[in-house]
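Accompanying notes for the structure given below.
The values are calculated or read from the model by the stated rules, or taken from the named source; none is laboratory data. Computed from a prediction, not measured in an experiment: that's the story for all the values here. With ideal geometry, Cβ positions are generated from the backbone for all residues, glycine too; neighbour counts draw on all protein chains shown.
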Amino acid sequence: MQETGRDWGMKVSHQEAKLMEHQGALDGDVDQADFGRFQACLSGAGAIQSNPECLAALIDDDGDVDGDDTQLFLGCLSGPDIPVSPQCAE
């Protein structure tokens, strides 16, 4: 697992850090509001997503926001005010 250089107060994978960044406010959960922002960034397999507002949605770092990113995101879906598991994107 690649570790991110960003300090989140714990060691997290690159994918987990991306999910946390995507939340914007870093409220500790992954919920419907986060999915709405993620969904707006979907580009499809092989379609490069270059919108700066969507960088955090590039969870698997392959340049597009597609089903693979969606699966990682959904694996971390916790619900409002329910802390996300630090291992959700493994």
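Of all residues in region 42-64, those satisfying the criterion of being at pLDDT 95 or above and crowded, with 16+ Cβ neighbours inside 10 Å are Leu42, Ser43, Gln49, Asp64. Return the residue satisfying two criteria in turn: it lies in region 72-90 and is among the polar types (S, T, N, Q) and surrounded by 13 or more Cβ atoms within 10 Å (Cβ to Cβ), and of such residues it is farthest from Cys41 (Cα to Cα). Here the answer is Ser85. Residues that are hydroxyl-bearing (Ser, Thr, Tyr), modelled with pLDDT under 90 and part of a loop (DSSP other than H, G, I, E, B) occur in region 70-88; there is at least one.
The number of residues in region 41-61 being over 13 Å from the mean Cα position of the chain (by Cα) and either in a loop (DSSP other than H, G, I, E, B) or under 22 Å from Cys88 (Cβ atoms) (or both) comes to 8.
Whenever a residue of region 64-90 is in contact (Cβ under 8 Å) with a residue 40 or more places away in the chain, its partners that are crowded, with 16+ Cβ neighbours inside 10 Å and aromatic (Phe, Trp, Tyr), lying with C-beta atoms within less than 8 angstrom and at least six residues away or across chains, give the pairs Phe73/Phe38. For Asp29, the test of being part of a loop (DSSP other than H, G, I, E, B), modelled with pLDDT under 90 and either among the acidic types (Asp, Glu) or exposed (fewer than 15 other Cβ atoms within 10 Å of the Cβ) (or both) is passed.
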